Structure formats: C-alpha cells, structure tokens
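Peer 1: A single structure is presented below for examination.
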Amino acid sequence: MFKNVSKMSVVLSCLLSLGCANHVRTSTLTESQVVRDLKNHTVDIDSSAGALVSSPQISVAVQDSKAFRVKSYELKTDYDFSTPYQGLRELYEVPMGIALLPVGVTVNVLDFALLGLIPNSITDSILDTSFAGLNPFMNIESDSRVERTELKSEKKLLDEKDEFIRMPLANKEITVSSGDGANIAVKLDDNGKAEISLVRLSAVSEDIEKIIITAKSDDVVAKKDIDVSRMLRSQLQQASAITKKYANLVKKDLKGDDLKQIDITVFATDLMKLNKLGFEGESLRIERSAMSVMSDDQKNLLKKEIDKLLKSDLAKAPTAG
C-alpha cells in the first residue's frame with residue numbers, strides 16, 4: 001500500500017511540474033536614453049601675480065572645465081508578461097475553478113438576458129479565471145506574480161552634439177608649495193577663489209624661490225609655477241624669523257611663566273618690523289593672539305610701546321613741501 005501511495009505522489013509531482021506559464025500580455029516600452037561621454041577634462045588656475053609674485057598675498061581662481069559628447073537615443077523594448085507556473089497552487093485553484101464555473105455561466109446568461117449591460121471585463125474574467133483554475137497545467141493569472149521577459153530591443157540615435165561645462169572648483173583644497181618641497185593647504189570658496197598668504201608658507205619653508213599651486217578634480221591634476229621676486233624672498237625670510245619666534249603665542253600654547261618672560265619692548269619692535277616689511281595683516285594677527293592671553297598690565301605696556309614706535313616713525317617720515 002505504501003508503495004502505491006509513493007508511486008502516486010511521484011506521478012502527481014511530475015504532472016504538477018509539467019505546467020506552463022500563464023501568458024498575460026505582450027507590450028512595448030519606449031524610453032529616452034541620454035549618454036554623455038567625457039571627451040576632455042582640464043583644470044585652469046589663474047592668479048593675480050602673473051609670472052612673478054612680488055606681493056606677500058596673491059589671489060587665485062580655479063576653474064573646472066569638461067567637454068562631453070552627448071548622444072540621445074530612443075530605446076524600444078518588447079516584453080512578454082506571464083504568470084510563472086507553480087504546481088502546488090493547483091491544490092486550491094482546481095476547486096476554485098470548479099466553484100467559479102457555474103458563477104461564470106450564470107453571469108453570462110444574465111448578461112445575455114440584459115442585452116449585454118454587464119461589462120465584458122466582468123463576464124469574461126470570471127470564466128477565464130474558472131477555466132484557468134480547472135486546467136491543472138496552468139495557474140490562475142496573478143498580477144502580483146507577473147514576470148517580465150525581454151523579447152527584443154531596438155536602439156535608435158536621435159541626436160548627437162558637443163557639450164562644454166565650465167564651473168568654479170568650489171570648496172576644494174589646493175596645495176601651495178615652495179621650491180624646497182614645503183607646502184600648505186588652502187581652501188577655495190564657493191566661487192573657486194582663495195587668498196594665498198606667503199607668510200604662512202614661509203613658516204614651513206626656509207627660502208621660497210617659487211611657489212607651485214596644485215589643484216585636483218577627479219583624476220585631473222593642474223599645476224601653476226610662479227617665481228618669487230628677490231625683494232619678496234628677502235622680506236619673507238625676515239618675516240619668517242619673526243613669526244617663528246611667536247608661533248606658540250599664536251597657538252596660545254604658552255604657559256604662565258613663558259608669558260611673563262616675553263619682552264614687551266622687543267615684541268612691539270618685531271610687530272612694527274612686520275608692518276614695515278609689508279606684512280601688516282600678520283602683525284595684527286599676532287598682536288590679537290597676544291592680547292587674548294596677556295595680563296592687563298602687559299596689554300597696556302604693549303599699546304604704549306606700539307604708540308611710541310608709531311610716533312617715532314611718523315617723526316622720521318619726510319614732510320611734503
């Protein structure tokens with residue numbers, strides 16, 4: 001007996017696996033496709049200094065330029081939509097088909113009596129569902145299980161043109177280095193512009209013979225070399241010696257005893273020397289940092305010393321006439 005049951009199970013499994021997919025519909029999908037191929041990519045660096053820098057601060061603007069070949073296509077694809085066959089579903093679909101058959105017949109007879117007032121979508125769908133359920137080799141159509149199979153695809157070129165895009169290299173970092181390899185990072189603003197202070201570079205370089213500006217976008221790297229004038233090189237060396245003396249003060253990394261040992265007269269003289277060398281911005285930055293950590297007595301003494309030096313310089317200045 002058990003052998004017979006086993007054989008019947010195998011036969012039933014084989015029959016249920018012989019079903020075919022329930023074809024739903026065939027349709028064509030039309031899509032637009034745009035392909036942009038990068039032809040050229042460059043990064044352009046412009047500076048206010050030209051070929052020779054003689055000012056301790058220069059302006060730079062960096063532009064990112066890309067050229068594309070743009071092709072527009074119309075893509076037509078034919079798809080076949082069908083409900084895949086699952087044999088186990090026949091265990092409840094066959095009884096459902098039997099139950100729906102008289103319903104479908106009744107509805108169609110009623111539709112005939114009403115001279116076709118019942119929509120075809122109702123009369124036909126009940127019978128279709130019933131017949132699909134009665135067929136052990138086909139499942140009832142199901143939108144939730146529909147699978148799409150591509151039959152063929154056709155691609156047609158509609159348009160082809162060149163496109164050029166030029167925009168600022170916004171909010172990116174550029175590198176400014178000297179001839180000896182020392183470098184600093186400078187961040188560009190929203191317009192791809194930045195001010196480069198050579199005093200910052202001189203703090204990490206012994207002698208700046210030239211500056212090298214490097215900008216990068218994706219895998220494209222651009223460099224711009226600018227020579228530094230002899231006069232500016234000398235000024236930067238002198239300014240660097242002063243700024244390095246007060247590096248810890250600017251970083252506010254001084255202890256109480258170190259701060260007390262600062263010679264206010266020498267400090268004021270160094271600040272005014274930075275002014276005369278053309279680095280007033282750096283002089284004010286160091287002065288503000290010092291004021292934020294000094295005692296009231298030191299602040300007052302520093303102001304007096306700076307006023308004294310300013311009056312002395314004014315007295316030495318030649319008068320017009």
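The values are calculated or read from the model by the stated rules, or taken from the named source; none is laboratory data. Fair warning: this is a prediction, and the values are worked out from it, not measured in the lab. Note: ideal-geometry Cβ built from the backbone for every residue, glycine included; neighbour counts use all protein chains shown.
Peer 1: Could you tell me whether segment 199-210 includes any residue that is of a type in the set (A, V, I, L, M), crowded, with 16+ Cβ neighbours inside 10 Å and under 26 Å from the mean Cα position of the chain (by Cα)?
Peer 2: no
Peer 1: Next question, about the same structure. Looking only at residues that are small (G, A, S) and at pLDDT 90 or above in segment 43-85, which one is nearest to K193 (Cα to Cα)?
Peer 2: Initial filter on segment 43-85 (small (G, A, S)): 47-51, 54-55, 59, 61, 65, 67, 72, 82.
Next, only the ones that are at pLDDT 90 or above stay: 47, 59, 61, 65, 67, 72.
Details: S47: 10, S59: 7, A61: 4, S65: 15, A67: 22, S72: 35 Å.
Per the stated criteria, the residue is A61.
Peer 1: A further question follows. Residues that are at pLDDT 85 or above, at negative phi and outside the structural domain of V43 (by TED's automatic domain parsing), at least 1 per element: which helices (runs of 4 or more DSSP H) completely within segment 221-321 meet that?
Peer 2: Numbers: elements: 230-245, 247-250, 256-260, 264-277, 280-291, 296-316.
The qualifying helices (runs of 4 or more DSSP H) are 230-245, 264-277, 280-291, 296-316.
Peer 1: Quick one: which of P56, P95 is more than 30 Å from K210 (Cα to Cα) and of a type outside the set (S, T, N, Q)? Before the answer, list the steps.
Peer 2: Working: P56 fails: more than 30 Å from K210 (Cα to Cα).
None of the other options fit; the residue is P95.
Peer 1: In the set D180, D162, D111, which member is among the acidic types (D, E), over 30 Å from I211 (Cα atoms) and modelled with pLDDT under 80? Show your work before the answer.
Peer 2: Details: D180 fails: over 30 Å from I211 (Cα atoms); D162 fails: modelled with pLDDT under 80.
On inspection, the qualifying residue turns out to be D111.
Peer 1: Could you identify the single residue in L314, L310 that is surrounded by 13 or more Cβ atoms within 10 Å (Cβ to Cβ) and among the hydrophobic types (A, V, I, L, M, F, W, C)? Don't jump to the end; show me each part of the working.
Peer 2: Numbers: L314 fails: surrounded by 13 or more Cβ atoms within 10 Å (Cβ to Cβ).
Result: L310 is the single residue among L314, L310 that is surrounded by 13 or more Cβ atoms within 10 Å (Cβ to Cβ) and among the hydrophobic types (A, V, I, L, M, F, W, C).
Peer 1: Hey, another quick one. Based on what the data block shows, is S82 within 30 Å of E150 (Cβ to Cβ) and either exposed (fewer than 15 other Cβ atoms within 10 Å of the Cβ) or of a type in the set (S, T, N, Q) (or both)? Spell out how you get there, then give the answer.
Peer 2: Values: within 30 Å of E150 (Cβ to Cβ): yes; either exposed (fewer than 15 other Cβ atoms within 10 Å of the Cβ) or of a type in the set (S, T, N, Q) (or both): yes.
Spelling it out, S82 is indeed within 30 Å of E150 (Cβ to Cβ) and either exposed (fewer than 15 other Cβ atoms within 10 Å of the Cβ) or of a type in the set (S, T, N, Q) (or both).
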